[in-house]
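Trainee: Supplied in structure tokens, the structure appears directly below.
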Amino acid sequence: GFEKIERPFNDHFDLALSNIPFGDIAVFDAEYEKRSLMHRAAAKKIHNYFFLKGIDAVRDGGIVAFLTSQGVLDSESNNGTRFLMMRNADLLSVVRMPNNLFTENANTEVGCDLIILQKNSRKEELSEDDQLLTQTVKDNHTHVTTNRYLLAHPELVIHTSAKLDTDPYGKPAMVYLHEGGVTGIAEDLRKRIDTDLAARLDMVRYKGVTEEMQVQAIPSATEEIKITEEVPTNTETPKE
């Protein structure tokens, strides 16, 4: 089980990719019980737990790309989970998928998000975008609660039409549809991800090349001169 992944598998994998489960299903993880109140709270909902555990499992510079329910970003109770996500990773891309994404092969309409993160073990503070991603806002007219980052970037929602309706739990929600079907969704998604990764993916960190390694790999001019000066001029074999 995912909850059993601990040392030596923490900070180990290059990629964590999944269409993760979602729901109010609690996961018992002994490590999370000890780590913090926010980790214990995240473990009470399996989709929140998967994100934090996925970030734990990949190495610095590694990628976490999960297709998940909209609750990860939109739930008002998930501030702690979103903070931990952005405290330990950089945002590469977030895309809100249309509700008819699974209609053709699963005959269901459900809202979901694709969230792609790059682990950053040395992160010191949250950017402005990071902070927006941790927050939600409720519209006084529609009563729909939405992630503030998505609200500020409507271009991240892949759709051709939108309407106010309800989610599977009967709560007010925006329903997005794409008339192009899976082919049209895939084309728009590819363009969105290509743009985001070109702008944000740190390939140096993904390849595991640190700043120290880059400096050591390129000797300075003074170092080269010093090495040259230290080469002995007398190459004769010393007499005993």
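Trainee: With unit charges on the beta carbon (Lys/Arg positive, Asp/Glu negative), name the residue among Phe50, Thr134, Leu101 whose Cα is farthest towards the positive pole of the charge dipole of the stretch 39-164.
Mentor: The one lying farthest along the dipole's positive direction is Phe50.
Trainee: For the chain, what is the accessible area per residue in Å², given a 1.4 Å probe and the full set of protein chains?
Mentor: On a per-residue basis, 60 Å².
Trainee: At a 1.4 Å probe radius, carbon and sulfur cover how many percent of the accessible area of the chain?
Mentor: Carbon and sulfur together cover 53 percent of it.
Trainee: Tell me, what is the percent relative contact order of the stretch 30-83, built from C-alpha pairs under 8 Å that lie six or more residues apart?
Mentor: The value is 35 percent.
Trainee: If N is the number of residues in the stretch 70-205, what value comes out of its Cα radius of gyration divided by 2.2 N^0.38 Å?
Mentor: 1.09
Trainee: Here's something else I'd like to know. Taking the full set of protein chains and a 1.4 angstrom probe, give the accessible area of His47 in square angstrom, rounded to the nearest 10.
Mentor: In the full protein context, His47 sits at about 10 Å².
Trainee: Run the dipole for the chain about the Cα centre, Lys and Arg Cβ at +1, Asp and Glu Cβ at -1, nothing else charged, and hand back the magnitude in debye, nearest 20.
Mentor: It works out to roughly 820 debye.
Trainee: Is any residue of the stretch 171-204 close enough, with backbone N under 17 Å, to a label point placed 7 angstrom from the Cα of Thr103 along the Cα-Cβ axis, and if so, which?
Mentor: Answer for the stretch 171-204: 174-189.
Trainee: Straight distance only, please: which lysines reach the Cα of Lys171 with their own Cα at less than 19 Å, same-chain residues fewer than 8 apart left out?
Mentor: Those lysines meeting the cut-off are Lys45, Lys138, Lys163.
Trainee: Moving on to the next point. If DNA, RNA and ligands are ignored and the probe is 1.4 Å, what is the ranking of Ser121, Ser18 by accessible area, most exposed first?
Mentor: Ser121, Ser18
Trainee: Another question, then. If you count only protein heavy atoms and use a 1.4 Å probe, how large is the accessible surface of Met203, to the nearest 10 Å²?
Mentor: Surface open to solvent at Met203 totals about 80 Å².
Trainee: Please compute the contact order of the chain in relative form: average sequence separation of alpha-carbon pairs under 8 Å and at least six residues apart, divided by the residue count, as a percent.
Mentor: 17
Trainee: In square angstrom, rounded to the nearest 10, how much accessible surface does Glu33 have for a 1.4 Å probe?
Mentor: 80
Trainee: Set the Förster radius R0 to 45 Å, insert the Cβ-Cβ distance between His12 and Arg148 as r into 1/(1 + (r/R0)^6), and round the FRET efficiency to 0.05.
Mentor: So, using R0 = 45 Å, E works out to roughly 0.85.
Trainee: Which of these values of percent of Cα pairs over 22 Å apart was calculated from the structure shown: (i) 51; (ii) 48; (iii) 60?
Mentor: So the structure-derived entry is (iii).
Trainee: How much length, in nm to one decimal, is gained on full extension between Asp129 and Lys191, taken as 0.36 nm per residue of separation minus their Cα-Cα distance?
Mentor: Gain on extension, Asp129 to Lys191, equals 20.2 nm.
Trainee: Would you work out the relative contact order for the stretch 19-123, in percent, from Cα pairs under 8 angstrom that are 6 or more residues apart?
Mentor: 28
Trainee: On a full-extension model of 0.36 nm per residue, what is the gain between Asp165 and Phe28, subtracting their alpha-carbon distance, rounded to one decimal in nm?
Mentor: Contour length minus the Cα-Cα distance gives 45.8 nm.
Trainee: Right, next: Taking the Cβ-Cβ separation of Arg87 and Glu3 as r and a Förster radius of 25 Å, what is the calculated FRET efficiency to the nearest 0.05?
Mentor: About 0.75, to the nearest 0.05.
Trainee: For the stretch 115-161, compute Rh as the Kirkwood radius over C-alpha pairs and then the Stokes-Einstein diffusion coefficient at 10 °C and 1.306 mPa s; write the answer in µm²/s, rounded to an integer.
Mentor: Rounded to a whole number, D works out at 126 µm²/s.
Trainee: Shifting gears a bit: Ala89's amide H: which non-local residues (gap 5+, or another chain) put their own amide H closer than 5 Å, with H modeled 1.01 Å from N in plane and none for Pro or chain starts?
Mentor: Residues meeting the amide H criterion: Asn120.
Trainee: Ordering Phe2, Phe83, Phe66 by how much accessible area each has at a 1.4 Å probe, largest first, what is the list?
Mentor: Phe83, Phe2, Phe66
Trainee: With unit charges on the beta carbon (Lys/Arg positive, Asp/Glu negative), name the residue among His143, Asn79, Ala16 whose Cα is farthest towards the positive pole of the charge dipole of the chain.
Mentor: The one lying farthest along the dipole's positive direction is His143.
Trainee: Turning to a different aspect of this structure: Could you list, in their original order, any pairs among Lys119/Lys207; Lys53/Lys191; Lys53/Lys207 whose Cα atoms are separated by more than 19 Å?
Mentor: Lys53/Lys191; Lys53/Lys207
Trainee: Gaussian network model of the chain, Cα springs within a sub-10 Å range: biggest mean-square fluctuation belongs to which of Ala16, Ala42, Ala173?
Mentor: Ala173
The values are calculated or read from the model by the stated rules, or taken from the named source; none is laboratory data. Everything quoted here is computed from the prediction, not taken from an experiment. Every residue, glycine as well, gets a Cβ built from its backbone with ideal geometry; the counts of neighbours run over all protein chains shown. Heads up: the accessible areas ignore ligands, DNA and RNA and are worked out on the full protein's heavy atoms, side chains in. Shrake-Rupley method; radii C 1.70, N 1.55, O 1.52, S 1.80 Å.
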